[in-house]
């Protein structure tokens, strides 16, 4: 049964009323009161049904509550009101996938690609959808396109191997699996499938190719949903204005961050999850060339306005799981401070994996992430101390090793009154 919400005291300004309701929704969302948060957002949508971000936030909560028909209605309305937002089309596609509407999901993904051509995450979702429908020829063509752009993606090669196998192409299957083992010599799926394939001789493909859950479809989908959910928590947050007065702490010569920052190579740098640009401004003042990235469009707008006219600077919206549209091997360093602590561990791993793509040989990254392992099954990270997501220094080091990176140093630090809550990891490709 839906929780009954009484309208707050009438306010003449509808925008102020909606802002007040969103604050109530945020508070209940952080306390894991999902149904109440959903109902507050529903109330806000009733007041202003034309606000796409409200509809998207409501759809996100409905998606997490597995209310897929309702989420479909919310995201569809959001898309109608803001048809130029590719992320809304992607989220609508995910809902259609859950509802077993493959045609509608594919149409939504194609619309997203029309707005953000050649986006690798969207292409991957589209290829996986075609693969799951048995359209192996079409899926294989998209996987091939992805491999041409990013030839080090193990999951794409595994999916391509399945397509080759289903199409009866034994040589193509074997070649794809061998390339997986070149990239990841310990990949059990590729090794076992290759052994099975070779044991059957040179006849047609009649054996069953094993595809265990390490196939990346769910990981890509989970990463996008997790990133979008975390991003929405901060759209209306007062954090950005509050954080300005604390910026100096990070750059104090005695701070752990500044000490490790000084070890980064000179040159071009990415400021990931830039917020309103407070660190980007400091980096420019230090003489850096900066590309600022954030998943929240309002943050990109704020950063662009703040740093308008500054040379050696650009700001782009990213998808929340990788560094697109930053070009391959174009950057010398990456920083992410006071943001990644809230990221799902799958999202942290995704960014670490793509860091290898954009960093030049010898390039470094400095990531400030959570070291909190108290509730790996928590429904919402906002319940944890200082809204830290599940992540640890050891897990980060494990991810780095898997992606071929070297850990230069990890500094475990307290946050507020909680000891050892965070970690600053310096790594090199």
Give just the number: which of (1) within 24 Å of residue 421 (Cβ to Cβ); (2) in contact with a strand residue (DSSP E or B) (Cβ under 7 Å, 6 or more places away or on another chain) does residue 252 not satisfy?
(2)
Is at least one residue of region 195-206 surrounded by 13 or more Cβ atoms within 10 Å (Cβ to Cβ), outside the structural domain of residue 343 (by TED's automatic domain parsing) and at pLDDT 75 or above?
yes
Restricting attention to region 27-35, does a residue exist that is within 26 Å of residue 94 (Cβ to Cβ), assigned by TED's automatic domain parsing to the domain that holds residue 92 and modelled with pLDDT of 80 or more?
yes
Where residue 115 falls short, out of the listed (1) more than 30 Å from residue 359 (Cβ to Cβ); (2) at pLDDT 90 or above; (3) in contact with a helix residue (DSSP H, G or I) (Cβ under 6 Å, 6 or more places away or on another chain)
(1)
Would you check if there is a residue in region 29-49 being in a helix (DSSP H, G or I), within 19 Å of the chain's Cα centre (by Cα), in contact (Cβ under 8 Å) with a residue 24 or more places away in the chain and farther than 21 Å from residue 14 by Cβ?
no
If only one of 186, 148 is within 28 Å of the chain's Cα centre (by Cα), modelled with pLDDT under 90, outside the structural domain of residue 87 (by TED's automatic domain parsing) and assigned to a loop (DSSP other than H, G, I, E, B), which one is it?
186
Do you know which of the residues in region 266-285 that are in contact (Cβ under 8 Å) with a residue 40 or more places away in the chain and surrounded by fewer than 15 Cβ atoms within 10 Å (Cβ to Cβ) is nearest to residue 415 (Cα to Cα)?
266
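For the condition at pLDDT 85 or above and under 12 Å from residue 337 (Cα atoms), what is the one hit in 271, 262?
The conditions single out 271.
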Taking the stated definitions as given, is residue 350 crowded, with 23+ Cβ neighbours inside 10 Å, within 30 Å of residue 65 (Cβ to Cβ), out of contact with any strand residue (DSSP E or B) (no Cβ under 8 Å at 6 or more places or on another chain) and in the same structural domain as residue 272 (by TED's automatic domain parsing)?
yes
Restricting attention to region 155-167, does a residue exist that is closer than 22 Å to residue 135 by Cβ and at pLDDT below 80?
yes
How many residues does region 90-112 hold that are at pLDDT 90 or above and farther than 16 Å from residue 133 by Cβ?
3
Against the condition more than 14 Å from the chain's Cα centre (by Cα) and closer than 18 Å to residue 278 by Cα, how does residue 366 come out, does it pass?
yes
Hey, among the residues in region 132-142 that are part of a helix (DSSP H, G or I) and modelled with pLDDT of 90 or more, which one's nearest to residue 161 (Cα to Cα)?
140
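The values are calculated or read from the model by the stated rules, or taken from the named source; none is laboratory data. Here the structure is a predicted model, which means the values were calculated and not measured. Don't worry about glycine lacking a Cβ; one is built from the backbone with ideal geometry, like all the others, and counts go over all protein chains shown.
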